[in-house]
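Working notes for the structure below.
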Amino acid sequence: MSNDPLANKAQAWSALFSEPMSELVQRYTASVGFDRRLWRADIDGSLAHAEMLAAQGVISARDGADIERGLAQIAGEIERGEFEWKLELEDVHLNIEARLTALVGDAGKRLHTGRSRNDQVATDIRLWLRGEIDGLAALLVAMQRALVELAAGHTETVMPGFTHLQVAQPVSFAHHLLAYVEMFARDAERLADVRKRVNVLPLGAAALAGTSYPLDRERVARRLGFDAICANSLDAVSDRDFAIEFAAWASICMVHVSRLAEEIVLWKSQNFDFIDLADRYCTGSSIMPQKRNPDVAELARGKSGRVIGHLMGLLTLMKGQPLTYNKDNQEDKEPLFDTVDTLRDTLRIMAEMAGGIVVKADAMERAARRGYATATDLADYLVKKGVPFRDAHEAVAHAVKIALQRGVDLAELPLDLLQSLHPSIGDDAQQVLTLHGSMHARRVAGGTAPEQVRAQIARHRARLG
Ligand code: ARG
């Protein structure tokens, strides 16, 4: 038998074990099927650890160089798809270490000095997640840009603003889109904040208590681009709240995506008919030839469910764990990976699709007119003439009732009829009853008036670069 302890998993922990693992236990406990995706982080972490061990004189410079050479070769093998992942070696860490030892002998066996898989895996996840966070941050910028540029062409496009999904007041389509830009801007801020707590180095905590080797943790942190080192070794190996926080960020972001997706589905339905989508984002029906369904938006809405589920999964995974590392933690990876994959694809596709929305401005305007969206404006008009708001509200309610009975818009009611409802209504009232008049009047900061919305677009463009 080989004298390489990692050649056979039953021997990985020593001679203490008298029987091999059953095939079922091996499969049940192995994580290499999914955690191999951490390979690059694992190699980067090992390179930094080995370089520091050599600098501190814990291993020889020659061993350090051998480790570096071996790991470089392994990285090449993995990239080329030549690396042979072995289930019996349990996880990404033991697979790479075993191969290293096969390549460079004893130097490979020295790599794990002053280190445990407990601080190793925590480091790997943080390194990997940090890279993914940077990619997601860029996608959030792209999403905001797509919405801002679509909005820029629609500051004068009137649509009904809704409350209770009932027509409420006219707003511009641009203003509506910029509401989502605000949400995604907050998501970007939150993500940057999560990154701070992800970017802290566990290595040096070893199994749980720290190590007696003279490790230079700051050196490793600098080399790997971490902002700080975990200050408590027990916390370092057991903390997964950075992952929970990321999943919480992802859940909030997906809720925003899902709301936008829901609006796209509604707008594209024949009942609203506010927009059209490019064919490449729609699918047909196998039975109904007339169908062009907004499947991409529906799926984006649906996928928010799995991301929120992953957050619940991670919270539940942690809630009963005593300090410090427990094997439960191996279950943190699949939800985290799936969360990242789902966010990456969803943000990309939604930005592309939303940016290409075809706006049916006439239909939007018609819908706003149908819903007496300027009723508040008539009430406000009366208030400006000294009428108490509640009385104005009542007079306008009568006007809406009559307009409804006649099947006409408020602006189409004759002036003498309006005046019979309230004597303060003058011939300047009709102007405030138009949709554009109403929209232009809402000039308060943050309001829907085109000049306000244009200022917001300029601010976003400057911010997004
Ligand atoms: N595959 C393990 C995980 O993902 C690595 C750490 C294992 N540590 C241990 N002491 N069994 O968590």
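Values quoted throughout were computed directly from the atomic coordinates according to the rules given, and no laboratory measurement underlies them. Keep in mind that this is a model prediction, so the values were computed, not measured. Because the Cβ atoms are built from the backbone with ideal geometry, glycine has one as well, and the counts that use them run over all protein chains shown.
Computed values, structure above
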| quantity | calculated |
| --- | --- |
| Region 212-357 - convex hull of the alpha-carbon atoms, volume per residue in Å³ | 157 Å³ |
| Principal axis box of region 322-465, alpha-carbon based, largest edge first, Å | 79, 38, 30 |
| Region 166-295, Rg to Rh (Cα coordinates; Rh as Kirkwood inverse mean 1/r) | 1.25 |
| Segment ASP276-ARG461, extension gain: residue separation times 0.36 nm, minus the distance between their alpha carbons | 64.0 nm |
| Net charge of Cβ neighbours under 10 Å - reference CYS282; Lys, Arg +1; Asp, Glu -1 | +1 |
| Angle in degrees between helix 295-319 and the longest Cα principal axis of the chain, rounded to the nearest 10 | 50 degrees |
| Tensor-based shape of region 170-216 (alpha-carbon gyration tensor, a/c under 1.5 rounded, otherwise prolate or oblate) | prolate |
| All-pairs alpha carbon distance profile, the chain, 20 Å steps from 0, percent | 20, 38, 25, 13, 4, 0 |
| For region 405-422, 3J(HN,Hα) per residue [Karplus equation, 6.51 cos²θ - 1.76 cosθ + 1.60, θ = phi - 60°, Hz, x = Gly/Pro] | 4, 8, x, 10, 7, 4, 5, 8, 6, x, 4, 5, 5, 4, 5, 5, 7, 7 |
| Fully extended contour minus Cα-Cα distance, from LEU87 to LEU417, at 0.36 nm per residue | 110.4 nm |
| Exposure proxy ranking, count of Cβ atoms within 10 Å, fewest first, for HIS440, HIS93, HIS49 | HIS440, HIS93, HIS49 |
| Rounded to 10°, Cα long-axis angle of helix 361-370 versus longest principal axis of the chain | 60 degrees |
| Where only C-alpha atoms are counted, convex hull volume of region 355-394 per residue in Å³ | 86 Å³ |
| Overall Cα dimensions of region 277-329, principal axis frame, Å, largest first | 59, 21, 14 |
| Added length on full extension, which subtracts the Cα-Cα distance from 0.36 nm per residue, LEU315 to GLN290 | 4.5 nm |
| Relative exposure of MET312, MET318, MET21, judged by other C-beta atoms within 10 Å (fewest first) | MET312, MET21, MET318 |
| Amide N proximity, region 157-201 versus HIS436 label position 7 Å along Cα-to-Cβ, cut-off under 13 Å | 157-158 |
| Neighbour-count order for HIS164, HIS175, HIS112, fewest beta carbons within 10 angstrom listed first | HIS164, HIS112, HIS175 |
